[in-house]
Ligand code: XLS
Ligand code: NI
Ligand code: NI
């Protein structure tokens, strides 16, 4: 039985193809800088938007046409959805997928029953992975939808909720390991607050630190080899999310002695909600060796929320790939399309158009980034720009030989600093544009 009978496997047809159901740039085995596109990009489909999204928004219910859905959240439906998901991913040709525990299976009457249901679906996922070769990029726990998490999970004022969340993450880690997941993600969900009038800020932060430490302890105990990733987001659903941005997360991790145990999963739309560019967040994390994985999407400049749109902007994808190539790849991470089709793109075929466009945009971004690196013009410019640090007083400062007294002596003798040189931003932007033909 086929759920997408009108679509066959999506193939690479080259830049001149007009076939909307073909790749124009993503050519999985094509080599770029000595590595296949497939291995550079490590694309993943996300279960929540793609197989659980209904198109609902605050102004109306879902209107997505999903002929395979029977309108229930039953175990049977969850099992059938595995077939839908794997047919879609196989036809698309993605190597990975990602899920929250609650995306793949419904909850039972209590935690024990919920875990039993989860195991049933995990067994089927395992089979499907084996049959298709599609792998799990990361698993995570949904600690925000169920009303018990109304005040947060590990940062709830209700200690029982912390315990429930711990049990849930323990199980989610186990199933991620069972499915060979290469990472495990912690996105804050409702870890944050709306008003200080009811919030003990320090206590909540300490509880979050404790929770992550317990997760690390359990990871070591069961020998889970994947990477732990924190996904920053500044707002939504709470006004003050504790994992605001990369700078905030790194400071938090260091405060609680956890910086060696985690990397970051950086999402474009979260970066822009924090009033950063995606490139800034990636560069910042990468500079500290903390860039682990990417949730590939984009926001809408005119809307102030997490619209999770598919990324199609080549400027964005080439900037992203430039930083990824510069750090030598994402390691166990990948490019997860944490993105959803618009409410008015309600036909199943739109899921294909959306992913094909995102994959092609990243493949093209990869090629552009490789061309930029080959020419090395920006590297050379930056190297020259900082050349005063490679000699004389600059190298004395960097090597720790200078102090305030020696610096004062140096400058009293010299009288004034060397003249500054233009930063040439416009020129550099023009050079960047040369790569887009
Ligand atoms: C929500 C987040 C979420 C995480 C996984 O804004 O992006 O989808 O990626 O919990
Ligand atoms: Ni995300
Ligand atoms: Ni998001």
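The values are calculated or read from the model by the stated rules, or taken from the named source; none is laboratory data. Every value quoted in this text rests on a predicted model; they were computed, and no experiment measured them. Every residue, glycine as well, gets a Cβ built from its backbone with ideal geometry; the counts of neighbours run over all protein chains shown.
Descriptive notes on the structure:
- Some residue of the range 285-300 being within 13 Å of ligand 2 (Cβ to nearest atom), modelled with pLDDT of 95 or more, touching a strand residue (DSSP E or B) at 6+ places or on another chain (Cβ under 8 Å) and over 18 Å from residue 333 (Cβ atoms): yes
- Residue 228 vs. criteria under 21 Å from the mean Cα position of the chain (by Cα) and within 16 Å of ligand 1 (Cβ to nearest atom): yes
- Scanning the range 407-437 for residues being in a helix (DSSP H, G or I) and surrounded by 10 or more Cβ atoms within 10 Å (Cβ to Cβ) gives a total of 12.
- For residue 51: the one exception among (1) within 16 Å of ligand 2 (Cβ to nearest atom); (2) closer than 18 Å to residue 352 by Cβ; (3) in contact with a strand residue (DSSP E or B) (Cβ under 8 Å, 6 or more places away or on another chain): (3)
- Any hit, the range 97-104, residues being buried (at least 16 other Cβ atoms within 10 Å of the Cβ) and under 30 Å from residue 370 (Cβ atoms): yes
- Filtering the range 258-279 to residues that are more than 16 Å from ligand 3 (Cβ to nearest atom), closer than 20 Å to residue 205 by Cα and touching a residue at least 40 places away in the same chain (Cβ under 8 Å) leaves 258, 261, 262, 263.
- Qualifying residue in the range 198-210 (condition: surrounded by 16 or more Cβ atoms within 10 Å (Cβ to Cβ) and within 15 Å of ligand 1 (Cβ to nearest atom)): no
- Flag for residue 252 being part of a loop (DSSP other than H, G, I, E, B) and free of Cβ contacts under 8 Å to residues at least 60 places away in the same chain: no
- Under the condition of being in contact (Cβ under 8 Å) with a residue 40 or more places away in the chain and either closer than 28 Å to residue 131 by Cα or within 26 Å of the chain's Cα centre (by Cα) (or both), the residues counted in the range 93-115 number 13.
- Yes/no for residue 338 being within 16 Å of ligand 1 (Cβ to nearest atom), farther than 17 Å from residue 26 by Cα and surrounded by fewer than 15 Cβ atoms within 10 Å (Cβ to Cβ): no
- Hits in the range 312-343 - residues which are assigned to a loop (DSSP other than H, G, I, E, B), within 13 Å of ligand 2 (Cβ to nearest atom) and either free of Cβ contacts under 8 Å to residues at least 60 places away in the same chain or under 13 Å from residue 266 (Cβ atoms) (or both): 333, 334, 338
- Residue list for the range 1-13, filter: without any contact (Cβ under 8 Å) to a residue 12 or more places away in the chain and surrounded by 11 or more Cβ atoms within 10 Å (Cβ to Cβ): 13
- Long-range neighbours under 7 Å by Cβ, at least six apart or interchain, first residue under 20 Å from residue 387 (Cα atoms) within the range 397-414, second surrounded by 11 or more Cβ atoms within 10 Å (Cβ to Cβ): 398/389; 402/393; 402/396; 410/393
- Within the range 15-38, the presence of a residue that is within 16 Å of ligand 2 (Cβ to nearest atom), under 23 Å from the mean Cα position of the chain (by Cα) and closer than 22 Å to residue 317 by Cα is excluded.
- In this structure, residue 213 does not qualify as closer than 19 Å to residue 143 by Cα and within 15 Å of ligand 1 (Cβ to nearest atom).
- The range 289-311, residues that are within 16 Å of ligand 1 (Cβ to nearest atom), touching a residue at least 40 places away in the same chain (Cβ under 8 Å) and part of a loop (DSSP other than H, G, I, E, B): 296, 297, 305, 306, 308, 310, 311
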